[in-house]
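Everything on this sheet refers to the single structure shown next.
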Amino acid sequence: MSAFHILLVEDNEADILLTTELLVQIGMNHSLSVARDGVEAIDYVLKRGKYSEAVTPNLILLDINLPKASGTEVLSNIKKDDKYKKIPVIIYTSSFLEADRVFCESLGANLYLTKANTMAEFSKRIEDFKNFLSMIL
């Protein structure tokens, strides 16, 4: 069986490392691709340009604040495409704004999680991810 493929859309190197560690802590068999801006993420998922042979992700972890195209633009592009709209998208962001959560959910986000600032929050995010993954696997 092939690994569960995750696309992480994140421009902050420290957050990429922390999210990678979070995924390791979950203990699932996965492979990971990283898109560092919104345009790259859209091209990756929609298999445009240099991503024409990209592996279709089983899950997308998406930050909201990205260069070139926002996370909400990425989410909107994915969810309006019939071929890819069923890919689960977890918004994983530092934004605690209720308006951001509501807007992302209206665009089709499957889950909205804020990034951990403490070890206790980090442990909670591991559990949040495990619970979500148990629902989609």
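All of the numbers you see were taken from the coordinates with simple rules; none came from a lab. Please read these numbers as outputs of a predicted model, since none were measured by experiment. All Cβ positions, even for glycine, are placed from backbone atoms using ideal geometry, and neighbour counts span all protein chains on display.
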Checklist outcome for this item: Filtering the range 95-120 down to residues that are loosely packed, with under 13 Cβ neighbours inside 10 Å and either closer than 18 Å to Leu22 by Cβ or within 16 Å of the chain's Cα centre (by Cα) (or both) yields Asn117, Thr118, Met119, Ala120
Item to check | Selection from the range 105-137 of residues that are closer than 18 Å to Ile60 by Cβ, aliphatic (A, V, I, L, M) and part of a helix (DSSP H, G or I) | outcome: Leu107, Leu133, Met135, Ile136
Next on the checklist: Let me confirm something: among Ile90, Ile78, which residue is crowded, with 18+ Cβ neighbours inside 10 Å, in contact with a strand residue (DSSP E or B) (Cβ under 8 Å, 6 or more places away or on another chain) and either of a type in the set (D, E, K, R) or part of a helix (DSSP H, G or I) (or both)?
Outcome noted: Ile78
Next on the checklist: Here is a check on your reading of the model: is Tyr112 of a type in the set (Ser, Thr, Tyr) and in contact with a Phe, Trp or Tyr (Cβ under 7 Å, 6 or more places away or on another chain)?
Outcome noted: no
Checklist entry - Which residues, counting only those in the range 56-108, are more than 20 Å from Asn12 (Cβ to Cβ), touching a residue at least 24 places away in the same chain (Cβ under 8 Å) and charged (D, E, K, R)? => result Lys79, Asp81
